[in-house]
Amino acid sequence: MIRDTSGQDRRIDIAQPRVNKRWIVIGATGAAVLVALVWLVPSVARLISAGTSASASALRIAEIKRGTLVRDISAQGKIVAAQAPTLYATAPGTVTLLTHAGDKVEKDQVLAEVDSPELANKLLQEQATLSSLDVDVGRAGIDAKQKELLAKKTVDQALIDRQTAAREVERKAQAFKMGAMAEIEVLRAKDALSKSDLDVTHAQADSRLQNETAAFELKTKRLALERQKLLVADLARQVDLLKVRSPVAGQVGQLLVQQKANVPINTGVVTVIDLTSLEVELQVPEVFAHDLSIGMPAEITDGAQKYKGELSAVSPEVVNGQVVARVRFAADKPAGLRQSQQLTTRILIDERPNVLMVERGSFVDSGAGRIAYLVHDGIAERKPIQVGATSLNAVEIVSGLKEGDRIVISGTDTFNSAERVVLN
């Protein structure tokens with residue numbers, strides 16, 4: 001058996017090279033500094049080039065998009081009656097109410113009555129005067145006929161007298177020719193005939209005058225009668241108006257007086273609501289008032305249902321920064337509407353398709369619509385822009401920006417008009 005040489009082996013330690021730890025530390029530090037410079041140099045450069053800085057979390061930033069800008073006004077409105085007439089007492093008296101608030105009424109239905117003894121008595125007096133004048137007209141007609149007959153009798157008598165005088169002239173003329181009568185008698189007969197002719201002429205003229213006088217007196221009486229008829233008719237109308245009638249079919253709104261109250265003339269008695277002409281009344285901010293015009297389309301929401309409408313009226317008066325507007329239903333209106341019921345109403349002012357727009361914010365007021373801060377690489381850069389139409393939630397961008405740009409839409413007053421702002 002041959003033995004191995006493992007018994008003769010011995011361990012030999014090899015010396016390791018000595019590494020200088022100082023150079024290791026220096027190398028690590030240099031690498032860290034290099035990395036820090038890579039991160040810090042751009043930030044420092046931006047900070048040096050910027051005029052100020054701001055916290056990005058405190059700002060609202062939105063993207064420019066292309067779409068349809070709808071200018072509209074949305075507000076909560078209440079149902080009001082387009083026609084809610086107030087009915088008045090047309091004479092002083094005691095009011096008797098025949099209905100209650102909320103009652104359904106038909107057109108011309110009597111809602112109340114005013115008892116006016118003074119007016120009723122005046123009507124009776126004038127009716128008596130009318131009867132008296134009617135009798136006077138009848139009497140004047142009879143008198144006219146009597147005068148006409150008397151005048152005719154006078155004319156007829158004058159004609160007979162003339163005829164007698166003419167025959168007397170003829171008889172005496174024949175007697176004169178036969179020598180049985182003197183010429184003087186013939187001449188006297190002729191004078192009598194001439195006088196008869198004058199009597200006929202005067203009688204006829206007097207007859208015409210008598211007839212004209214009688215006709216004039218009769219006409220005067222008839223005119224007085226017609227005037228009295230008009231007066232009685234007017235008083236009868238006033239008495240009839242003491243019955244307060246509804247001018248429309250609808251609902252009794254409010255009773256303005258107590259039962260059996262004694263009221264003066266022109267006192268409001270009751271209001272009537274025309275349920276066929278209800279409208280929505282809403283408050284519109286003054287800033288939109290100049291954009292509103294009669295006939296603009298609107299949308300009225302009642303629960304889950306939407307109804308078409310149109311702007312029917314805009315108040316010229318501004319109260320507390322608000323303008324009152326009214327919207328009427330364009331076609332069918334929902335059933336069961338009540339006075340003062342709340343409905344959401346949207347008025348469409350304008351619609352602009354395919355325009356650049358951005359969410360509306362305070363930047364419009366801060367820069368007067370001419371300045372915006374474009375955000376890129378952590379910098380907000382001041383840019384001149386031009387805005388167009390505005391709605392409640394969007395603003396049209398006419399120039400200065402493009403689709404996809406991001407701008408600061410919150411207030412930029414803290415930027416102090418700096419050209420560049422670092423966003424932390």
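Computed from the coordinates by the stated procedures, all read-outs in this text should not be read as laboratory data. Keep in mind it's a predicted model, so treat the numbers as computed, not measured. Glycine also receives a Cβ, built like all others from the backbone with ideal geometry; neighbour counts cover every protein chain displayed.
Just a few scattered comments:
- Rounded to the nearest 0.05, the FRET efficiency derived from the C-beta distance between LYS107 and ILE294 at R0 = 35 Å is 0.80.
- Tilt relative to the chain, helix 117-177 - C-alpha long axis, 0 to 90 degrees, to 10: 40 degrees
- Annotation: the residues ASP191, ASP332, sorted from fewest to most other C-beta atoms within 10 Å of their own C-beta, follow the order ASP332, ASP191.
- Extension gain, LYS65 to SER194: 0.36 nm times the residue separation minus the Cα-Cα distance gives 34.3 nm.
- In summary, the lysines within cross-link reach of LYS172, defined as a Cα separation below 22 angstrom excluding same-chain residues under 8 places away, comprise LYS190, LYS195.
- Cβ-to-Cβ counts within 10 Å put MET181, MET357, MET296 in ascending order as MET181, MET296, MET357, the fewest first.
- Within straight-line cross-link reach of LYS122, aspartates and glutamates at Cα separation under 13 Å, skipping those fewer than 8 residues along the same chain: ASP234
- Taking all Cα pairs closer than 8 Å and separated by 6 or more residues, the relative contact order of the range 117-235 comes to 49 percent.
- Candidates GLU381, GLU183, GLU281, ranked by Gaussian network fluctuation over the chain, Cα under 10 Å, top entry: GLU183
- Angle between the chain longest axis and helix 183-241 axis [Cα atoms, degrees, rounded to 10]: 30 degrees
- Principal axis dimensions, the range 150-221 - Cα atoms, whole angstrom, descending: 63, 14, 10
- The distance linking the range 374-424 with the range 289-333 is 34 Å (Cα centroid to Cα centroid, whole angstrom).
- Short-range pairs are left out: with C-alpha atoms under 8 Å and at least six residues apart, the relative contact order of the chain is 29 percent.
- Spin-label zone in the range 193-226 - amide nitrogen under 11 Å from a point set 7 Å from the Cα of LEU159 along the C-beta vector: 204
- Only helical runs count toward this figure. For the chain, summing -39,500 (n - 2.57) over DSSP H runs of n ≥ 4 and dividing by all residues gives -13500 deg cm²/dmol at 222 nm.
- Straight-distance candidates among the aspartates and glutamates for linking to LYS243, with alpha-carbon spacing under 14 Å and chain neighbours fewer than 8 residues away dropped: ASP108, GLU113, ASP115.
- Taking 7 Å steps out from each Cα toward its Cβ at GLU148 and ALA205 produces label points 2.3 nm apart.
- The range 97-112 residues near the modelled VAL257 label - backbone nitrogen below 20 Å, point 7 Å along Cα→Cβ: 97-103, 108-112
- Applying Stokes-Einstein at 37 °C and 0.692 mPa s to the Kirkwood radius of the chain, computed over alpha-carbon pairs, gives a translational diffusion coefficient of 95 µm² s⁻¹.
- Seen against the Cα atoms of the chain and their longest principal axis, helix 21-49 is set at about 20 degrees.
- For LYS243, LYS333, order by how many other beta-carbon atoms lie within 10 Å, fewest first: LYS243, LYS333
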